[in-house]
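Working notes, beginning with the structure itself.
The values are calculated or read from the model by the stated rules, or taken from the named source; none is laboratory data. Treat the numbers as computed from the prediction; the structure is a model and nothing was measured. Glycine also receives a Cβ, built like all others from the backbone with ideal geometry; neighbour counts cover every protein chain displayed. Surface accessibility is based on the protein's heavy atoms, side chains included, excluding ligands, DNA and RNA. Shrake-Rupley method; radii C 1.70, N 1.55, O 1.52, S 1.80 Å.
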Amino acid sequence: MGRESSMQRAISAVSEGRAAGVVSAGNTGALMAMSKLTLRMLPGIDRPAIAAVFPTMRGETVMLDLGANVECDAENLVQFAIMGDVFARTVLGAHNPSCGLLNVGSEEMKGHAEIQQAAAYLRQMTGTLNFQGFVEGDDIATGKADVVVSDGFTGNIALKTTEGTARLIKEF
């Protein structure tokens, strides 16, 4: 038998119920691949998403995907919204978390076809999700939505921009 890496041991601990999660400063792609193989996906969920909790003017917001899925279709975005809703309820303690899709504008006619279709699906989920519509990048820090959903490409850019801005502010 080969030696199991510390990352694989941590993922196995989650699978066996000995840990609630894994934190890594290492290769995110490797972590996601090993996690998907070991932990499997929930029924109805096609892809995992990277999520993070952002501090906001109103408390905390969970944002996903932050880099696992560079290209997403409307169904992926809807699945991320569902996962984000569950996260906000169970981890952040939100009673009826609001959900927004990160977009180039808040107006309903803006955005590419996939985000438009995802919004249409989410609007139909009244009673299941508290979909608030589109949010813009500057809405993240205001806490306009408890859950901000994005494809991994856009979400990663938002994350890295936020991190860089925080470092800049810290220097002053």
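Which shape class applies to the stretch 42-108: rounded if a/c is under 1.5, otherwise prolate when a/b exceeds b/c and oblate if not, where a ≥ b ≥ c are the square roots of the Cα gyration tensor eigenvalues? Judged from the Cα gyration tensor, the stretch 42-108 comes out oblate (a/c at least 1.5, b/c at or above a/b). Positive end of the dipole of the chain (Cβ unit charges, origin at the Cα centre): among Thr165, Gly152, Ser15, the Cα lying farthest that way belongs to Ser15. Sorting Leu39, Leu129 on solvent-accessible area from highest to lowest, probe radius 1.4 Å, gives Leu39, Leu129.
With all protein chains kept in place, the per residue accessible area of the stretch 56-172 amounts to 53 square angstrom at a probe of 1.4 angstrom. Classified by the C-alpha gyration tensor, the stretch 62-149 has a rounded form. Its axis ratio a/c, with a ≥ b ≥ c, is below 1.5.
Solvent-accessible area of Thr90, all protein chains in place: 100 Å² (probe radius 1.4 Å, heavy atoms, ligands and nucleic acids excluded).
Look at the dipole of the chain built from charges on Cβ: of Gly133, Pro43, Gly105, the Cα furthest out on the positive end belongs to Pro43. If only the Cβ of Lys and Arg carry +1 and only the Cβ of Asp and Glu carry -1, the dipole of the chain around its Cα centre is close to 640 debye.
Pick out, in residue order, every one of the trypsin sites (Lys or Arg not before Pro) in the stretch 76-172 that is DSSP loop and has at most 14 other C-beta atoms within 10 Å; say none if there are none. The qualifying sites are Lys110. For Ser98, the amide hydrogen comes within under 5 Å of the amide hydrogens of Asp146, Val147, counting only partners 5 or more places away or on other chains and with H modelled in the peptide plane. Determine the shape class of the stretch 109-162: with a ≥ b ≥ c the square roots of the Cα gyration tensor eigenvalues, call it rounded for a/c under 1.5, and otherwise prolate if a/b is greater than b/c, oblate otherwise. Since a/c reaches 1.5 but b/c is at least a/b, the shape of the stretch 109-162 is classed as oblate. Expressed as a whole percent, the accessible area of the stretch 93-156 that falls on carbon and sulfur atoms is 51 (1.4 Å probe).
For the chain, the share of DSSP beta bridges that are antiparallel, to the nearest 5, is 35%. With an 8 Å Cα cut-off and a minimum separation of 6 or more residues, compute the relative contact order for the stretch 1-150 in percent. Reported as a whole number, the value is 24 percent. When the chain is treated as a Gaussian network with alpha carbon springs shorter than 10 Å, the biggest mean-square fluctuation among Gly133, Gly143, Gly59 belongs to Gly59.
Working from label points 7 Å from Cα in the Cα-to-Cβ sense, the Arg123 to Val23 distance is 4.1 nm.
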